[in-house]
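Q: Can you read through this structure? Questions will come right after.
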Amino acid sequence: VLKLFKLLHRTRQEVFKNDTRALEAARQKINEEFRNNQDETSEEKINELLKIASDVEVILRTSVIQAVHTNADKIVLIPRKDLLQDNTPYLDKPTKK
């Protein structure tokens with residue numbers, strides 16, 4: 001449980017880097033969820049909660065991209081290096097190998 005708690009906080013720090021508002025909101029939410037369930041004794045329920053927390057960590061790490069408003073009509077996306085993938089060009093008529 002503690003390992004997953006720490007992993008969520010490390011992921012939060014990476015995903016929301018330089019965004020103090022999002023960092024604080026995510027910190028509060030993580031701490032609140034773990035605090036609300038700290039007295040859980042059912043092994044089945046604990047495993048279910050750990051699965052949810054693990055899924056949240058994966059979604060944060062793989063799906064969240066930061067964006068910054070530069071002016072009224074522009075937004076700059078700031079993707080992390082681990083989100084970038086090699087681009088495969090689109091072909092209307094794929095060639096057969």
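The values are calculated or read from the model by the stated rules, or taken from the named source; none is laboratory data. Just so we're clear, the structure is a prediction, and the values are computed from it rather than from any experiment. Please note: Cβ atoms are built from the backbone with ideal geometry, for glycine as well, and neighbour counts cover all protein chains shown. In case anyone asks, the SASA skips ligands and DNA or RNA and just uses the protein heavy atoms, side chains included. Shrake-Rupley method; radii C 1.70, N 1.55, O 1.52, S 1.80 Å.
Q: State the Kirkwood hydrodynamic radius of region 1-83 in Å, one decimal place, computed from all pairs of distinct Cα atoms.
A: Computed over region 1-83, the radius equals 14.2 Å.
Q: Still on this structure, I have one more. Mind scanning 3/81; 51/81; 29/81; 3/51; 6/81 and naming the pairs with a C-alpha gap bigger than 20 Å?
A: Exceeds cut-off: 3/81; 51/81; 29/81; 6/81.
Q: Using the Karplus curve 6.51 cos²θ - 1.76 cosθ + 1.60 with θ = phi - 60°, what ³J(HN,Hα) values do you get for each residue of region 52-57, in whole Hz, with x for Gly and Pro?
A: So the J values, rounded to whole Hz, are 4, 4, 5, 5, 4, 4.
Q: On to the next question. Convert each backbone phi in region 88-93 into a coupling constant with the Karplus relation 6.51 cos²θ - 1.76 cosθ + 1.60 (shift: θ = phi - 60°), then list the ³J(HN,Hα) values in order as whole Hz, x for Gly and Pro.
A: 9, x, 7, 10, 5, 10
Q: In addition: For region 1-83, what % of the accessible area comes from carbon and sulfur atoms, probe 1.4 Å?
A: Carbon and sulfur: 54 percent of the exposed surface of region 1-83.
Q: Report the full-extension gain for the segment residue 72 to residue 86: residue separation times 0.36 nm, less the Cα-Cα distance, to one decimal in nm.
A: Working it through step by step, the gained length comes to 1.9 nm.
Q: Apply 1/(1 + (r/R0)^6) to the Cβ-Cβ distance of residue 38 and residue 18, taking R0 = 22 Å, and write down the FRET efficiency to the nearest 0.05.
A: 0.10
Q: In whole percent, what relative contact order does region 1-83 give with Cα contacts below 8 Å and a gap of six or more residues?
A: Contact order relative to length: 31 percent.
Q: Of 78, 18, 58, whose Cα points farthest to the positive end of the dipole of region 9-97 (charges on the beta-carbon: +1 Lys, Arg; -1 Asp, Glu; origin at the Cα centre)?
A: 78
Q: If packing is taken as the average number of other Cβ atoms within 10 Å across a peptide's residues, how do 67-76, 4-13, 34-43 rank, most packed first?
A: 4-13, 34-43, 67-76
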